[in-house]
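In what follows, a single structure is set out as structure tokens and then discussed.
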Amino acid sequence: MATTTRSNMAYRNKSTHNVHVNTNENPTQHEQNNKDLSHEHSRPFGDEKHDFDLVLVLDSLIRCPLEGGDVDLSEYLVAYRELCRFFKLTGRLFGFVAKDLEGKLAIIEQKMDDKLLSTHCTTVKTMVCYEQEHSITFKKGYKPSGSRTLLRLHWALEFILEFMKKLSTSSDHDKTSLIASEVYHKTLSHHHPWITRKMAALAMYLLPTRKDLIGAMCKQDYDQVIELLDEVVQAGKLVYDSIQDIFAYNNILNIP
């Protein structure tokens, strides 16, 4: 962890700080999303520089872990918001993923801003314990529980971290479409219905090479991104494992 922090400080001096799709959507909405994905033209990769900030993600992930294996929800949301921007910058390719993830982030943010709930939603443990005590863990509908919502984000984080890990060890001209497809089938696809898997397959098929993807998306330069990816994965894995342990301890890893 010391290595991660040391490298992060170096990168901070160089930079300025400024996926789970909703399976409860009705089939009509899924079909419309699929139609939009098929017919809308995506922005060509590499035609302009964007500002997806891996340093911001890394800094927030490093600040997430708390004593006793807990996780700071505020820092988690900051990191996840930036990860969502990565998906959005691909245009329609993964836009449907980003939209759903942002919706889930908003649900947790609303709970954190609620005067009655804010003191119970500062960390993952406090939120999970509160919802367990008040028998709302399995609540669905318009205002689902924070635990149920966080679990969906947790599933998507596994995909994101594994994708970044594979990306960091691939070659410049490897097709990220093949990397994403392999990782997706091992992780997030298990939680998706058939129509969502088809949409994801189309999105991944259109992804460019590693070099083009990084060049079009990231604020940092290419070589810096390759080094940062490994650090983000390490920091993110600590956060992922902590949440996994909290959910496993409370027997809520399979909230429907």
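The values are calculated or read from the model by the stated rules, or taken from the named source; none is laboratory data. Bear in mind the structure is a predicted one, so any value in this text is a computation, not a measurement. With ideal geometry, Cβ positions are generated from the backbone for all residues, glycine too; neighbour counts draw on all protein chains shown. Surface accessibility is based on the protein's heavy atoms, side chains included, excluding ligands, DNA and RNA. Shrake-Rupley method; radii C 1.70, N 1.55, O 1.52, S 1.80 Å.
What to note about this one:
- Looking across region 227-239, the residues that are among the aliphatic types (A, V, I, L, M) and either farther than 18 Å from Ser171 by Cβ or surrounded by fewer than 18 Cβ atoms within 10 Å (Cβ to Cβ) (or both) come down to Val232, Ala235, Leu238, Val239.
- Qualifying residue in region 151-161 (condition: open to solvent by 60 Å² or more (accessible area, probe 1.4 Å) and more than 20 Å from Ala106 (Cβ to Cβ)): yes
- Being among the acidic types (Asp, Glu), in contact with a helix residue (DSSP H, G or I) (Cβ under 8 Å, 6 or more places away or on another chain) and open to solvent by less than 10 Å² (accessible area, probe 1.4 Å) is a description that applies to Glu131.
- The set of residues in region 97-113 that are touching a helix residue (DSSP H, G or I) at 6+ places or on another chain (Cβ under 9 Å), farther than 21 Å from Leu188 by Cα and open to solvent by 40 Å² or more (accessible area, probe 1.4 Å) contains only Glu109.
- In the set (1) over 19 Å from Arg152 (Cα atoms); (2) in contact with a Pro (Cβ under 8 Å, 6 or more places away or on another chain), the condition left unmet by His173 is number (2).
- Contact annotation: residue pairs with Cβ atoms under 8 Å, 6 or more positions apart or on different chains, pairing a residue in region 145-156 that is within 16 Å of Cys121 (Cα to Cα) and at pLDDT 95 or above with a partner that is of a type in the set (A, V, I, L, M) and open to solvent by 10 Å² or more (accessible area, probe 1.4 Å), are Ser145/Ile136; Gly146/Ile107; Thr149/Ile107; Leu151/Leu253.
- Residues that are touching a helix residue (DSSP H, G or I) at 6+ places or on another chain (Cβ under 8 Å) and over 23 Å from Ala98 (Cα atoms) do not occur anywhere in region 180-202.
- Gly215 among the small types (Gly, Ala, Ser), open to solvent by less than 40 Å² (accessible area, probe 1.4 Å) and modelled with pLDDT of 85 or more: no
Rundown of residues vs (1) in contact with a Cys (Cβ under 9 Å, 6 or more places away or on another chain); (2) farther than 30 Å from Ile226 by Cβ, yes/no style:
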{"position": "Leu116", "(1), (2)": "no, yes"}
{"position": "Met127", "(1), (2)": "yes, yes"}
{"position": "Lys140", "(1), (2)": "no, yes"}
{"position": "Ser145", "(1), (2)": "no, yes"}
{"position": "Leu151", "(1), (2)": "no, yes"}
{"position": "His154", "(1), (2)": "no, no"}
{"position": "Leu157", "(1), (2)": "no, no"}
{"position": "Ile160", "(1), (2)": "no, no"}
{"position": "Met164", "(1), (2)": "no, no"}
